[in-house]
Amino acid sequence: MFIIDASALKKKQTAADRQAMRIALKFVCLFAVAGIGICWLRAQESEDGGARSRILALEHAWNQAEAFKDLKALDALFDSALIYVDDDGTLMNKSDFLAHVKSEHVQQVITQSMLVRVLGDMAIVTGTYQSNEFKNGKSVIRRGRFVDAWILRGVTWVCVAAQATPIR
């Protein structure tokens, strides 16, 4: 004859129930942590997206300021320690670059294929450009690729380094 001890079965069932509850609780915690992580990543992407938009606007403002020789606007866009390498290899600081803009005959600068990578308080912009200039009585079109480095100073993004390479 087979006799079942109800109290032993209840103890086993209770232990099994507790084990199942622990496993369920672990899954709930895992999903909660994953959800918080996803929300944090989305918030980070949103912040990066805002920075990307702001930097793209600054790049376009640079083009306009250069075409109109707006040295005051350019001065605000660049860090005081700007390092600029022109497409002919000339190395310039901020004052050299502003003097260069003042003396050149750029009529229009168009940037394309810009990609902004935000890395915390720093951003790298790559893209291509076309500048329309007037030199020696002739219209000249220059094409190139560029890399610009921006940093966040307080609440303002400023360009700290820029480099242009001609595309032949």
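Restricting attention to segment 99-114, and to residues there that are among the hydroxyl-bearing types (Ser, Thr, Tyr) and in a strand (DSSP E or B), which single residue is surrounded by the fewest Cβ atoms within 10 Å (Cβ to Cβ)?
Ser113
Is it fair to say Val109 is among the hydrophobic types (A, V, I, L, M, F, W, C) and at pLDDT 95 or above?
Considered against the rule, which asks whether it is among the hydrophobic types (A, V, I, L, M, F, W, C) and at pLDDT 95 or above, Val109 comes out as no.
Restricting to segment 140-160, give me the number of residues that are in contact (Cβ under 8 Å) with a residue 60 or more places away in the chain and either among the acidic types (Asp, Glu) or touching a strand residue (DSSP E or B) at 6+ places or on another chain (Cβ under 6 Å) (or both).
Number satisfying all stated conditions: 7.
Exactly one condition in (1) touching a Ser or Thr at 6+ places or on another chain (Cβ under 7 Å); (2) in contact (Cβ under 8 Å) with a residue 60 or more places away in the chain is not met by Ile83; state its number.
The one condition Ile83 does not meet is (1).
Scan segment 120-128 and tell me whether some residue there is more than 14 Å from Tyr84 (Cα to Cα), surrounded by 15 or more Cβ atoms within 10 Å (Cβ to Cβ), among the acidic types (Asp, Glu) and touching a strand residue (DSSP E or B) at 6+ places or on another chain (Cβ under 6 Å).
no
I need the full set of residues from segment 79-98 which are surrounded by fewer than 17 Cβ atoms within 10 Å (Cβ to Cβ) and part of a loop (DSSP other than H, G, I, E, B), in order please.
Asp88, Gly89, Thr90, Asn93, listed by residue number.
Looking only at segment 94-126, count how many residues are among the β-branched types (Val, Ile, Thr) and farther than 25 Å from Lys138 by Cβ.
Adding up the residues that qualify gives 5.
All but one of (1) free of Cβ contacts under 8 Å to residues at least 60 places away in the same chain; (2) touching a strand residue (DSSP E or B) at 6+ places or on another chain (Cβ under 9 Å) hold for Gly137; which doesn't?
Only one criterion in (1) free of Cβ contacts under 8 Å to residues at least 60 places away in the same chain; (2) touching a strand residue (DSSP E or B) at 6+ places or on another chain (Cβ under 9 Å) is unmet by Gly137, namely (2).
What about Ile167, is it more than 13 Å from the chain's Cα centre (by Cα) and at pLDDT 90 or above?
Criteria met by Ile167.
Could you look through segment 124-146, keep only residues that are closer than 30 Å to Trp157 by Cβ and among the β-branched types (Val, Ile, Thr), and pick out the one that is modelled with the lowest pLDDT?
Among residues in segment 124-146 that are closer than 30 Å to Trp157 by Cβ and among the β-branched types (Val, Ile, Thr), the one modelled with the lowest pLDDT is Ile141.
The values are calculated or read from the model by the stated rules, or taken from the named source; none is laboratory data. Keep in mind that what you see is a predicted model, and the values were worked out from it rather than measured. Neighbour counts are summed over all protein chains in view; Cβ atoms, including those assigned to glycine, are modelled from backbone coordinates with ideal geometry.
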